[in-house]
Amino acid sequence: MRISIAPLAITLILAVSCSCAQSVPLGAIRAGATYPASGMHWPGAPTRYDTPPKLIYGKAPGYPRSLLGTAGVAVIDFTVGKDGKPFDFRVVQCSHAAFGAVTLAAVQNWRFEPGRKHGVPVSVKARLVLPFISGGTIGLTNR
């Protein structure tokens with residue numbers, strides 16, 4: 001018996017308010033730091049999966065040097081495969097091309113524990129909304 005489960009669509013929303021302070025604002029990390037699994041938000045369709053994907057490894061994008069005094073955002077669509085590797089990347093929106101490029105480069109190296117339905121790994125479509133906070137930090141969560 002084969003179980004066929006279509007890829008699931010979810011959105012990762014990672015945002016905080018802007019801050020120009022040199023210290024790292026609450027809900028943010030330094031660019032290039034290890035990205036915490038707790039920074040991921042998987043809203044979603046509990047009827048389509050039992051367990052959402054879980055980030056097991058990933059570094060936040062580096063902050064483009066030419067944009068260090070500039071705040072912005074990058075929105076990236078991708079799919080977390082049954083093997084936990086992200087693929088099928090697309091920059092949906094970015095306030096500056098460099099924000100999109102560094103976000104895409106970082107996410108390509110992330111690894112996940114795949115989402116599961118009835119214990120079976122499933123592919124999950126995702127959207128990452130990642131704010132770049134003036135001062136070289138990356139936002140984590142939307143509260």
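The values are calculated or read from the model by the stated rules, or taken from the named source; none is laboratory data. As the structure is a computational prediction, the values presented were derived from the model and not from experiment. Using ideal geometry, Cβ is built from the backbone for each residue, glycine included, and neighbour counts are taken over all protein chains shown.
Just one of the listed residues (90, 65) is without any contact (Cβ under 8 Å) to a residue 40 or more places away in the chain, out of contact with any His (no Cβ under 7 Å at 6 or more places or on another chain) and closer than 17 Å to residue 30 by Cβ, namely 65. Determine whether region 129-142 contains at least one residue that is of a type in the set (Val, Ile, Thr), under 23 Å from residue 56 (Cβ atoms), in contact (Cβ under 8 Å) with a residue 40 or more places away in the chain and not in a strand (DSSP E or B). Yes, region 129-142 has at least one match. Of all residue pairs spaced 6 or more apart or on separate chains, those with beta-carbon atoms under 6 Å, a first member in region 109-123 that is hydrophobic (A, V, I, L, M, F, W, C) and a second member that is not in a loop (DSSP other than H, G, I, E, B) are 110/86; 112/55; 112/80; 122/115.
The rows are residues; the columns are (1) of a type outside the set (Val, Ile, Thr); (2) modelled with pLDDT under 70; (3) under 12 Å from residue 138 (Cβ atoms); (4) in contact with a Ser or Thr (Cβ under 8 Å, 6 or more places away or on another chain).
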site: 27; (1), (2), (3), (4): yes, yes, yes, yes
site: 33; (1), (2), (3), (4): yes, no, yes, no
site: 40; (1), (2), (3), (4): yes, yes, no, no
site: 61; (1), (2), (3), (4): yes, no, yes, yes
site: 72; (1), (2), (3), (4): yes, no, yes, yes
site: 77; (1), (2), (3), (4): yes, no, no, no
site: 84; (1), (2), (3), (4): yes, no, no, no
site: 88; (1), (2), (3), (4): yes, no, no, yes
